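Okay, structure first, notes after.
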Amino acid sequence: MPADIATSVRRNKTSATAAADAAGTLARRTRALGKRERLGAIARSLAILEHVAKSPAPVGVLDIIDALELPKATAYRLVDWFVSQGYLAREPSRKRLLVGSRLTSLAFGALAASMGNSEPHIVLQRLVNKVNETCNIGTLVNGEVMYLDRIEAKHWPLRLQFSSGSRVPLHCSAIGKLFLAFSPAPRRRRLLQHLDLRRYTEQTIVDLASLEAELRQIRKQQVSYDREEFLDGVVCIAVPVLGRNGELLAGVAIQAPQARMGIEGGRAHLPVLRGTADELAEIFQAMD
């Protein structure tokens with residue numbers, strides 16, 4: 001092959017290799033850029049959900065834009081998608097954002113799944129062993145008490161159809177009244193305004209003034225009672241599990257037949273119940 005032709009071939013091969021290398025580099029950079037953009041969208045989405053979930057009151061989209069420094073179009077697009085999928089919800093009147101049912105279910109599912117062999121479960125089991133009664137941990141979810149964990153005593157004469165994930169009303173359950181009593185005044189007013197004071201037993205408090213008097217007593221004594229208000233023949237005593245700033249994270253309760261424990265019997269368990277609440281508070285604060 002003549003020298004000039006061979007040189008030309010080598011040059012063409014070098015150019016082709018350089019072009020291929022450049023194309024490969026461009027492709028890798030494009031993929032990396034796309035990945036960063038996807039990660040950016042995921043981070044923004046999670047930031048929005050976290051912001052709404054941690055807010056003590058409903059928030060507007062403009063609040064989210066300011067707090068997270070998001071582009072307006074991006075924020076509105078993500079919020080609309082979350083609302084359409086049930087992860088967020090809007091207030092009926094003011095259109096501010098609340099945690100949606102699907103996000104609540106997701107969060108509770110993750111928490112409940114972690115409770116089975118977790119430290120809180122072990123602490124609750126230890127309480128059951130000490131008092132020899134059914135015990136549970138509950139929190140506030142969408143205006144109801146939801147059990148995060150529940151361990152039944154072996155000697156219950158009948159099995160109540162409650163388990164982790166079960167919900168009970170606020171106004172006639174010991175943990176529910178804890179959340180009403182410990183909520184900041186504006187939130188408590190909103191909760192009471194929308195409560196259905198349904199009568200479940202002859203002992204259920206269905207008068208708002210009487211309920212508010214009960215809540216004042218609960219705040220003062222740091223303990224709440226269900227005096228057969230939700231189920232005939234069943235009583236409950238609950239104390240708060242508090243966060244670092246004194247906010248109510250959950251309630252821990254002992255539940256038993258009135259014929260065996262009674263309210264006075266429940267009061268006798270207060271020291272060990274409060275000790276359990278302190279243990280749970282340390283665990284939950286460490287999770288934060």
For this session: Considering each residue of the range 229-250, count those that are in contact with a Ser or Thr (Cβ under 8 Å, 6 or more places away or on another chain), of a type in the set (Asp, Glu) and open to solvent by 50 Å² or more (accessible area, probe 1.4 Å), and give that number.
Result: 1
For this session: Could you pull out the residue among Phe182, Phe230 that is at pLDDT below 95 and closer than 24 Å to Pro257 by Cα?
Result: Phe230
Problem set entry | Per-region count, the range 39-75, residues open to solvent by 90 Å² or more (accessible area, probe 1.4 Å) and either more than 23 Å from the chain's Cα centre (by Cα) or without any contact (Cβ under 8 Å) to a residue 12 or more places away in the chain (or both) | 9
Problem set entry | Scan of the range 242-268 for residues that are outside any strand (DSSP E or B) and among the aliphatic types (A, V, I, L, M), ordered by number | Ala259, Met261, Ile263, Ala268
For this session: Would you mind finding the one in Glu91, Glu133 that is open to solvent by less than 40 Å² (accessible area, probe 1.4 Å), among the acidic types (Asp, Glu) and modelled with pLDDT under 85?
Result: Glu91
For this session: Report, by residue number, each residue of the range 123-142 that is among the charged types (D, E, K, R) and part of a helix (DSSP H, G or I).
Result: Arg126, Lys130
Exercise. Name the pairs: first residue in the range 147-174 and at pLDDT below 60, second residue in a helix (DSSP H, G or I), Cβ to Cβ under 8 Å, at least 6 apart or on different chains?
Worked result: Ser164/Ala112; Ser164/Met115; Gly165/Phe108; Gly165/Ala112
Seminar exercise, completed: Taking the range 111-130 and keeping residues open to solvent by 60 Å² or more (accessible area, probe 1.4 Å), at pLDDT below 90 and in contact with a helix residue (DSSP H, G or I) (Cβ under 7 Å, 6 or more places away or on another chain) leaves Glu119
Seminar exercise, completed: Within the range 178-210, of all residues that are over 16 Å from Leu249 (Cα atoms) and touching a Lys or Arg at 6+ places or on another chain (Cβ under 8 Å), the one most open to solvent (accessible area, probe 1.4 Å) is Gln203
Seminar exercise, completed: The correct count of residues that are modelled with pLDDT of 95 or more and of a type in the set (Lys, Arg) in the range 250-288 is 1
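The values are calculated or read from the model by the stated rules, or taken from the named source; none is laboratory data. Bear in mind the structure is a predicted one, so any value in this text is a computation, not a measurement. Please note: Cβ atoms are built from the backbone with ideal geometry, for glycine as well, and neighbour counts cover all protein chains shown. These area figures cover heavy atoms from the full protein model, side chains too; ligands, DNA and RNA do not enter into them. Shrake-Rupley method; radii C 1.70, N 1.55, O 1.52, S 1.80 Å.
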